[in-house]
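> Here it is: the structure, laid out below.
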Amino acid sequence: MKQLDVSKLDFKKLGGLIPAIAQNAETGEVLTLAFMDEPALRKTIETGYMNYYSRTRKKLWKKGEESGNVQKALEVYPDCDSDTLLFMVEQAHDIACHDGTRNCFRTDRFSLERLFQIIKERRDNPKKLSLSYTSKLLKDKTLMREKIMEEAGEVVKASVKEGMERIIYEAGDLLYHLLVLLAGEGIELREVIEELARRRK
């Protein structure tokens, strides 16, 4: 986690507290909004795990201390007024809310990142989901590679003579199979995104 100058943050505006937004570093999904006092922030920086201040219990608490659904703090960004913090986190067990849901805002928007998480869940639970097509691909890398070559060809074919709707359809197939390959090779989607970001420099 990058260095953060705590002395420049404005805790006074909310009586010693500062809002802390936790965002899933892999999917970009906003998970929680809670509050930190300065000791909670320093504890987060020191341990690398999210600690908050409970306005109800009037004390510092570590996220997931009892449930195990901890949030590993990877990056932190203060806003332009230095009175709110955005944390990029790694969420344990894909459960951020105390009620057992993925986030505290009841959102379930589809994204490539969310699809990739589902693929990884199937990779990590092969017995439970052994009959799924994704599991079949993950077990047979030769088939997986053949499907990528096939779908890439279908995208090119569609772009030549089949029109926009078919291109979109075939591109979806290709992206899905690429994500399965990444999961099968143990490569995180964010690593590909980081590689693309490096190329911008």
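The values are calculated or read from the model by the stated rules, or taken from the named source; none is laboratory data. Small disclaimer: the values here were computed from a predicted structure and weren't measured. Cβ atoms come from the backbone with ideal geometry, glycine included; neighbour counts cover every protein chain shown.
> For the stretch 4-22, give me each residue that is surrounded by fewer than 20 Cβ atoms within 10 Å (Cβ to Cβ) and not in a loop (DSSP other than H, G, I, E, B).
Scanning the stretch 4-22 gives Val6, Ser7, Lys8, Lys12, Lys13, Leu14, Pro19, Ile21.
> Out of curiosity, is Val180 modelled with pLDDT of 95 or more and closer than 30 Å to Val70 by Cα?
Values: modelled with pLDDT of 95 or more: yes; closer than 30 Å to Val70 by Cα: yes.
When the stated conditions are applied, Val180 passes them.
> Right, next: Given the criteria within 30 Å of Ile118 (Cα to Cα) and either modelled with pLDDT of 95 or more or touching a helix residue (DSSP H, G or I) at 6+ places or on another chain (Cβ under 9 Å) (or both), does Gly16 qualify?
Details: within 30 Å of Ile118 (Cα to Cα): no; either modelled with pLDDT of 95 or more or touching a helix residue (DSSP H, G or I) at 6+ places or on another chain (Cβ under 9 Å) (or both): yes.
Considered against the rule, which asks whether it is within 30 Å of Ile118 (Cα to Cα) and either modelled with pLDDT of 95 or more or touching a helix residue (DSSP H, G or I) at 6+ places or on another chain (Cβ under 9 Å) (or both), Gly16 comes out as no.
> Yes or no: the stretch 102-125 includes at least one residue that is within 18 Å of Gly186 (Cβ to Cβ), at pLDDT 90 or above and part of a loop (DSSP other than H, G, I, E, B).
No: the stretch 102-125 contains no residue that is within 18 Å of Gly186 (Cβ to Cβ), at pLDDT 90 or above and part of a loop (DSSP other than H, G, I, E, B).
> Tell me which residues, restricted to the stretch 62-81, are among the hydrophobic types (A, V, I, L, M, F, W, C) and in contact (Cβ under 8 Å) with a residue 60 or more places away in the chain.
Here is the first cut: in the stretch 62-81, the residues among the hydrophobic types (A, V, I, L, M, F, W, C) are 70, 73-74, 76, 80.
Of everything in the stretch 62-81, those that are among the hydrophobic types (A, V, I, L, M, F, W, C) and in contact (Cβ under 8 Å) with a residue 60 or more places away in the chain turn out to be Ala73, Leu74, Val76.
> Still on this structure: Just to check your reading of the model, which residue among Tyr49, Tyr53 is within 26 Å of Val192 (Cα to Cα), at pLDDT 95 or above and assigned by TED's automatic domain parsing to the domain that holds Leu85? Can you show your working first?
On the way: Tyr53 fails: within 26 Å of Val192 (Cα to Cα).
Of Tyr49, Tyr53, the one residue that is within 26 Å of Val192 (Cα to Cα), at pLDDT 95 or above and assigned by TED's automatic domain parsing to the domain that holds Leu85 is Tyr49.
> Let me ask something else. Considering only residues that are surrounded by fewer than 20 Cβ atoms within 10 Å (Cβ to Cβ) and under 30 Å from Leu182 (Cα atoms), look in the stretch 27-41 and name the one that is modelled with the highest pLDDT.
That would be Val30.
> Within the stretch 87-98, how many residues turn out to be buried (at least 16 other Cβ atoms within 10 Å of the Cβ), within 16 Å of Ile21 (Cβ to Cβ) and of a type outside the set (Phe, Trp, Tyr)?
Of the residues in that region, 4 qualify.
> Next question, about the same structure. Using beta carbons and a limit of 6 Å, which pairs, at least six apart or on different chains, have the first residue in the stretch 47-61 and farther than 13 Å from Ala34 by Cα and the second one part of a loop (DSSP other than H, G, I, E, B) and at pLDDT 95 or above?
Once the first residue is farther than 13 Å from Ala34 by Cα and sits in the stretch 47-61, its partners that are part of a loop (DSSP other than H, G, I, E, B) and at pLDDT 95 or above give Tyr49/Val70.
> Would you mind listing the strands (runs of 3 or more DSSP E) fully within the stretch 35-99 where at least 3 residues are of a type in the set (Ser, Thr, Tyr) and farther than 14 Å from Val6 by Cα? I'd like the intermediate steps shown before the answer.
On the way: elements: 51-54, 59-62, 71-78, 85-91.
Result: 51-54.
> Would you point out which residue out of Thr84, Thr44, Thr101 is hydroxyl-bearing (Ser, Thr, Tyr), surrounded by 13 or more Cβ atoms within 10 Å (Cβ to Cβ) and in contact (Cβ under 8 Å) with a residue 60 or more places away in the chain? Break it down into steps so the answer makes sense when it comes.
Values: Thr44 fails: in contact (Cβ under 8 Å) with a residue 60 or more places away in the chain; Thr101 fails: in contact (Cβ under 8 Å) with a residue 60 or more places away in the chain.
The unique qualifying residue is Thr84.
> Can you tell me which condition Pro126 does not meet? The list is (1) of a type outside the set (A, V, I, L, M, F, W, C); (2) surrounded by 14 or more Cβ atoms within 10 Å (Cβ to Cβ); (3) touching a Lys or Arg at 6+ places or on another chain (Cβ under 9 Å), and all the others hold.
(2) is the only condition that Pro126 fails.
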